[in-house]
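Here's the structure, in structure tokens; my notes come after.
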Amino acid sequence: MGTGEDRRWAVVDESGDLHWAGGNPRLLSVAATPTAEGGLLLEAPGLPRLKVPPATGEHVPAHFVEVDTVVLAHPEAHAWFARLLGKPARLVWLDDPRRCAAPASHGGLPGDVVSLAGDALFLLTSRSSLRRLDDWIAEGALERQEEVPAPLDMARFRPDLVVDGFAPYAEDTWREIRIGALRFRMSELCDRCAVTTYDPTAFEKGREPLSTLARHRRWGGKTWFGVRFVPRDHGEIRVGDPVTVLATEH
């Protein structure tokens with residue numbers, strides 16, 4: 001389960017535009033682990049491990065929806081990502097997540113913050129929904145007389161919260177839930193982009209899951225998997241905490 005703290009880091013180009021994983025799939029190979037000091041430990045195949053200290057650089061312009069400046073990380077981190085991507089890159093940090101309000105266009109309410117995630121702090125997905133999606137993909141492969149592919153890795157969808165034990169896609173109807181002792185409000189369903197079509201291990205691009213989602217879960221010109229939630233309380237949640245549905249769509 002994510003904490004939202006990872007969404008305070010981003011990789012941008014020299015003008016402050018985001019280096020998006022859909023256009024830079026090698027970013028998917030990076031493991032970034034928070035350190036006790038507030039920095040990051042960076043690892044990626046073919047590159048040396050790099051311990052990045054807390055970001056204390058200057059504020060520089062950036063082009064995020066709700067934030068126009070970010071803090072530069074250590075120059076060694078810029079060089080590390082430039083080597084990874086083969087182009088100029090900078091690692092940046094959002095010094096105060098309260099500066100970044102959740103957009104009203106994505107279900108944000110006054111006081112909701114989102115860091116650099118852009119839409120909502122937490123993305124929730126369901127293992128039963130993924131199993132149903134795998135079944136649909138298998139059915140399509142058999143119809144085309146193709147080999148049935150291996151089940152999808154949930155990592156393709158980059159969730160913060162993963163639940164199980166509910167009916168497939170029941171989460172679409174949830175309006176408020178409690179995980180452990182903390183309550184969460186649903187802000188919107190999550191439309192899926194091309195990043196999900198990259199294998200999170202081989203980093204190769206395919207047609208799934210968007211091809212099958214387009215057959216079964218397409219409306220409004222988009223395909224959908226997962227739900228975005230905003231926390232209503234502060235505290236800790238842990239793997240294995242019970243999930244209680246407090247309110248659903250009528």
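Hydrodynamic analysis of region 108-231 uses the Kirkwood radius over alpha carbon pairs. Inserted into Stokes-Einstein at 20 °C and 1.002 mPa s, it gives a translational diffusion coefficient of 139 µm²/s. Identify, among S129, T223, Y198, the residue whose Cα sits farthest towards the positive end of the charge dipole of region 111-250, taking +1 on the Cβ of Lys and Arg and -1 on the Cβ of Asp and Glu, with the dipole about the Cα centre. With unit charges placed on the Cβ atoms, the residue in question is T223.
Charge dipole of the chain (Cα centre as origin; +1 on each Lys and Arg Cβ, -1 on each Asp and Glu Cβ, all else neutral): 160 debye, rounded to the nearest 20. The mean sequence distance of close C-alpha pairs (under 8 Å, at least 6 residues apart), as a share of the length of region 5-100, puts its relative contact order at 29 percent. For the chain, averaging the sequence separation of C-alpha pairs within contact (under 8 Å, six or more residues apart) and dividing by the residue count gives a relative contact order of 18 percent.
Ignoring aspartates and glutamates fewer than eight residues from K205 along the same chain, the ones with Cα atoms less than 20 angstrom from its Cα are D134, E146, E147, D153, D191. Where only DSSP H runs of four or more residues are counted, the chain gives -4500 deg cm²/dmol as its mean residue ellipticity at 222 nm, each run worth -39500 (n - 2.57). Sequence-distant contacts, meaning Cα pairs under 8 Å at least 6 residues apart, place the relative contact order of region 185-250 at 39 percent.
Determine the percent antiparallel among the DSSP beta bridges restricted to region 5-163, to the nearest 5. Counting DSSP beta bridges with both partners in region 5-163, the antiparallel share is about 85 percent. If both residues of a DSSP beta bridge must be in region 120-248, then about 90% of such bridges are antiparallel. Cross-link partners of K51 among lysines, defined as those whose alpha carbon lies under 25 angstrom from its own and excluding same-chain residues fewer than eight positions apart: K87.
Under 37 °C and 0.692 mPa s, how fast does the chain diffuse according to Stokes-Einstein, given a Kirkwood radius computed over C-alpha pairs? Answer in µm²/s, whole number. Roughly 169 µm²/s, to the nearest whole number.
Projection of the Cα convex hull of region 5-100, averaged over all directions and equal to a quarter of that hull's surface, yields 5.7 nm². Between the residues L182, Q145, P110, the greatest Cα displacement towards the positive end of the dipole of the chain, with unit charges on the Cβ of Lys, Arg, Asp and Glu, is found for Q145. When you count the other C-beta atoms within 10 angstrom of each residue and take the mean per peptide, 12-19, 119-126, 229-236, 215-222 line up highest first as 119-126, 12-19, 229-236, 215-222. State the Kirkwood hydrodynamic radius of region 59-176 in Å, one decimal place, computed from all pairs of distinct Cα atoms. For region 59-176, inverting the mean 1/r across all distinct Cα pairs yields 17.7 Å.
Evaluated with a Cβ-only charge set (Lys, Arg +1; Asp, Glu -1), region 1-144 carries a dipole of roughly 380 debye about its Cα centre, given to the nearest 20.
Each reported figure results from applying straightforward, stated rules to the coordinates on display, with no laboratory input. Bear in mind the structure is a predicted one, so any value in this text is a computation, not a measurement. Cβ: placed from backbone, ideal geometry, glycine included. Neighbour counts: every protein chain shown.
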